[in-house]
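Step one of this worksheet: look at the structure below.
The values are calculated or read from the model by the stated rules, or taken from the named source; none is laboratory data. Not measured: the values here are computed from a predicted model. Methodologically, a virtual Cβ is constructed for each residue, glycine included, from the backbone with ideal geometry; neighbour enumeration extends over all protein chains shown.
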Amino acid sequence: MRKNSSPLALMIVPLIVVFTFCSCTKRMKNENGIEGVSHVLMIGVDGLSPDGIKKAHTPAIDSLVAFGAFTFFARGVMPTSSGPNWASILMGAGTEEHGVTSNSFDPNEPSLPPVAGGKGKNGLFPSIFEVIREQKNDWESGAIYHWGTIRNYFEEEHLNHFENPENDRAVATSVIKYLNEKRPAYCFVHFDEVDAAGHSFGHGSDAYYHAVEKADTLIGEILISLQKNGMAGETLVMVTADHGGLGFGHNENVPEVIGIPLILSGPGVKKGYRIQMPVSAIDNSPTAAFALGIERPNVWVGQPIKTAFVGYDEEVSYARRTFYRQPRVKPSGDGFKPSGGLYIGDETTVVIENTAADATIRYTLNGSEPTGASPVYKTPLKVRQTTTVKAALFIENKKVSNTNTAFFRLVEDPVDKGITGTFFYGKNLNKLPDFNLLKPVGEKVHGFEFSSEGLDYPKGGDQVAVKFVSYLNVENPGKYTFFTESDDGSKLYINGKAVVDNDGNHGVRPREGTVFLESGKHKVEVTWYNSGGGLWLQTYVEGPGFHRQVLTSDMPNASLSLHTTN
């Protein structure tokens with residue numbers, strides 16, 4: 001998706017000029033030397049990744065970046081679910097301190113009590129709302145949020161206003177009304193539909209980027225309302241998120257998930273400034289308190305991001321490590337689908353795209369990790385056999401990105417090399433069924449991989465189970481490790497013995513198992529089921545003389561061949 005100008009962008013740019021340049025008239029500084037901040041508007045967009053901002057058309061956010069201080073390398077807290085992260089944003093501390101370790105947190109009976117209890121009726125860890133109430137009792141503060149569970153992360157007596165509208169559009173309408181009528185010193189805003197799009201359609205999908213653009217439009221409308229009601233020149237706007245995403249979820253502890261944006265714009269903020277210091281979700285409330293001139297409580301672990309403000313230089317002993325997005329290997333994977341692909345023929349082309357102008361791509365074609373001594377990618381590569389491509393970015397021979405692993409599978413002769421798939425329907429599945437008790441509803445040769453990719457099972461419901469069967473001819477005896485990644489459960493059997501157990505209802509997760517195989521023919525079975533919602537299955541293998549690769553029906557590099565049961 002490409003960014004371009006729009007009528008909203010033409011309105012937003014002069015608005016941000018109002019935000020940043022109204023300080024040309026001398027105004028009072030607060031106790032921390034920050035000039036002109038009377039209001040903080042904290043806007044949280046659930047599931048908004050840096051990638052979403054970079055690829056979607058976001059004129060409002062882009063203008064805040066251009067005229068403010070920002071980082072696309074901030075981090076959420078673990079676990080990477082919404083509850084712990086929004087609690088950390090509002091409470092200036094992590095899960096170890098505030099005790100919100102999951103979305104099921106119960107403020108009345110927390111499984112992990114906070115290390116310090118506030119003065120509210122539930123004794124929650126002190127939030128930004130409680131800190132404001134303690135120090136500035138006459139200040140107005142409020143929260144307007146789409147995800148109702150946000151309500152569990154503050155004590156209602158500390159807010160003048162809190163509201164849970166039914167959708168993001170209603171959130172924006174309520175926020176504008178609240179700003180116009182009450183002019184709060186602090187207002188927390190939460191939009192939820194970007195995360196919903198990630199779960200329903202996948203992070204990085206067109207629907208996801210469309211949801212980001214909708215959120216940006218709503219943010220733009222709120223910013224314009226600040227200009228109209230006269231608050232623009234004295235409001236610090238902060239935009240952040242709780243997590244990013246990968247595939248249809250955000251449970252993995254990887255940069256794509258834990259990485260979040262943080263943007264500050266308004267009076268006293270440096271213009272077009274890229275924040276260099278390490279930044280975390282727990283730094284949001286301390287920064288808001290710092291800008292408003294109120295004292296940070298000693299139980300808050302987070303630190304104010306002073307370097308974002310005029311008059312404060314970078315004061316860190318260790319700068320944030322610059323870590324680039326991994327290079328793109330085309331065809332690019334979508335969600336959990338690996339990059340690369342399966343090709344019928346004896347040759348294909350590998351194209352790798354650089355994601356950073358100042359870095360060099362280095363790659364390998366044997367499944368090993370790239371190093372500073374690996375070949376430099378310059379032009380597209382021709383591969384003539386099943387190949388595992390690994391590529392990463394390097395600066396002065398130092399690795400500065402994660403490795404992108406792509407699997408190119410070449411099937412020279414597809415005849416008699418498909419995999420038989422038998423389909424069954426279940427009911428309320430929460431584990432793999434006993435296939436002997438179910439009646440098959442269809443059987444067909446399914447491609448050349450033990451995978452849900454392109455799976456075309458008979459229609460009739462989403463409670464479906466599949467048994468894949470083929471045979472493996474092993475030429476090189478030794479230890480073979482098999483892997484399944486699945487949503488929901490899966491198992492892999494060799495000669496009737498379970499080697500990989502990945503059963504149960506869950507999001508996409510990997511499991512593995514190792515078995516010694518003699519030369520000869522071995523029966524391979526993969527069973528898998530989906531209990532509604534997102535689905536995925538992919539299988540891999542590694543063995544003597546070859547690195548991990550997708551388990552296909554034709555693997556010349558591994559001296560393996562698979563044949564159907566026909």
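Scanning the stretch 252-298 for residues that are among the polar types (S, T, N, Q), closer than 28 Å to Asn402 by Cβ and surrounded by fewer than 24 Cβ atoms within 10 Å (Cβ to Cβ) returns Asn253, Gln276, Ser280.
Does Gly47 count as crowded, with 24+ Cβ neighbours inside 10 Å and in contact with a His (Cβ under 6 Å, 6 or more places away or on another chain)? Working first, answer last.
Values: crowded, with 24+ Cβ neighbours inside 10 Å: yes; in contact with a His (Cβ under 6 Å, 6 or more places away or on another chain): no.
Against the criterion (crowded, with 24+ Cβ neighbours inside 10 Å and in contact with a His (Cβ under 6 Å, 6 or more places away or on another chain)), Gly47 does not qualify.
Residues in the stretch 83-127 that are touching a helix residue (DSSP H, G or I) at 6+ places or on another chain (Cβ under 8 Å), in a helix (DSSP H, G or I) and either at positive phi or surrounded by fewer than 24 Cβ atoms within 10 Å (Cβ to Cβ) (or both): Gly83, Thr95, Glu97.
Which of the strands (runs of 3 or more DSSP E) found entirely inside the stretch 496-552 contain at least 1 residues meeting this: over 27 Å from the mean Cα position of the chain (by Cα) and basic (Lys, Arg)?
Working: elements: 497-502, 509-517, 520-531, 536-543, 546-550.
Here the list reads 497-502, 520-531.
In the stretch 144-157, of all residues being hydrophobic (A, V, I, L, M, F, W, C) and outside any strand (DSSP E or B), the one that is surrounded by the fewest Cβ atoms within 10 Å (Cβ to Cβ) corresponds to Trp147.
Residue pairs whose Cβ atoms lie under 7 Å apart, sitting 6 or more positions apart in sequence or on different chains, and linking a residue in the stretch 30-51 that is touching a residue at least 60 places away in the same chain (Cβ under 8 Å) and in the same structural domain as His190 (by TED's automatic domain parsing) to a partner that is surrounded by fewer than 20 Cβ atoms within 10 Å (Cβ to Cβ) and in a strand (DSSP E or B), are Glu35/Lys29; Pro50/Phe72.
Matching residues to (1) more than 25 Å from Lys523 (Cβ to Cβ); (2) modelled with pLDDT of 85 or more; (3) part of a loop (DSSP other than H, G, I, E, B):
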position	(1), (2), (3)
Gly367	yes, yes, yes
Pro370	yes, yes, yes
Lys382	yes, yes, no
Ala392	yes, yes, no
Phe408	yes, yes, no
Gly418	no, no, yes
Pro433	no, yes, yes
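Would you pick out the residues in the stretch 471-511 that are of a type in the set (Asp, Glu) and either closer than 26 Å to Asn428 by Cα or touching a Lys or Arg at 6+ places or on another chain (Cβ under 9 Å) (or both)? Spell out how you get there, then give the answer.
Keep residues of the stretch 471-511 that are of a type in the set (Asp, Glu), which gives 475, 485, 487-488, 501, 503.
Residues satisfying the conditions are Glu485, Asp487, Asp488, Asp501, Asp503.
Is it true that Glu252 is among the charged types (D, E, K, R), touching a helix residue (DSSP H, G or I) at 6+ places or on another chain (Cβ under 8 Å) and farther than 18 Å from Ala69 by Cβ? Against the criterion (among the charged types (D, E, K, R), touching a helix residue (DSSP H, G or I) at 6+ places or on another chain (Cβ under 8 Å) and farther than 18 Å from Ala69 by Cβ), Glu252 does not qualify.
Looking only at the stretch 131-143, decide whether some residue is under 32 Å from the mean Cα position of the chain (by Cα), part of a helix (DSSP H, G or I) and not basic (Lys, Arg). Lay out the reasoning, then the answer.
Step one: filter the stretch 131-143 for residues under 32 Å from the mean Cα position of the chain (by Cα), giving 131-132, 141-143.
Adding the requirement that they be part of a helix (DSSP H, G or I) leaves 131-132.
Adding the requirement that they be not basic (Lys, Arg) leaves 131-132.
Yes, the conditions are met somewhere in the stretch 131-143.
The set of residues from the stretch 79-130 being over 27 Å from the mean Cα position of the chain (by Cα) and of a type in the set (A, V, I, L, M) comprises Val115, Ala116, Leu124. Only residues that are surrounded by fewer than 22 Cβ atoms within 10 Å (Cβ to Cβ), out of contact with any His (no Cβ under 9 Å at 6 or more places or on another chain) and not in a loop (DSSP other than H, G, I, E, B) were counted in the stretch 468-490, giving 6.
Among the residues of the stretch 268-305 satisfying the criterion of being of a type in the set (Val, Ile, Thr) and assigned to a loop (DSSP other than H, G, I, E, B), which is farthest from Glu130 (Cα to Cα)? Restricting to residues being of a type in the set (Val, Ile, Thr) and assigned to a loop (DSSP other than H, G, I, E, B), the top hit is Ile275. Assess whether Ala197 counts as being under 19 Å from Ala56 (Cα atoms), out of contact with any strand residue (DSSP E or B) (no Cβ under 7 Å at 6 or more places or on another chain) and small (Gly, Ala, Ser). Judged against the criteria, Ala197 is a match. Cβ-Cβ contacts under 6 Å between residues 6 or more apart (or on different chains), taken from a first residue in the stretch 380-400 that is under 20 Å from Glu347 (Cα atoms) and of a type in the set (Ser, Thr, Tyr) to a second residue that is at pLDDT 90 or above and surrounded by fewer than 19 Cβ atoms within 10 Å (Cβ to Cβ), are listed as Thr387/Leu365.
Within the stretch 321-365, the set of residues being part of a strand (DSSP E or B), among the charged types (D, E, K, R) and modelled with pLDDT under 95 comprises Arg328, Lys330, Glu353.
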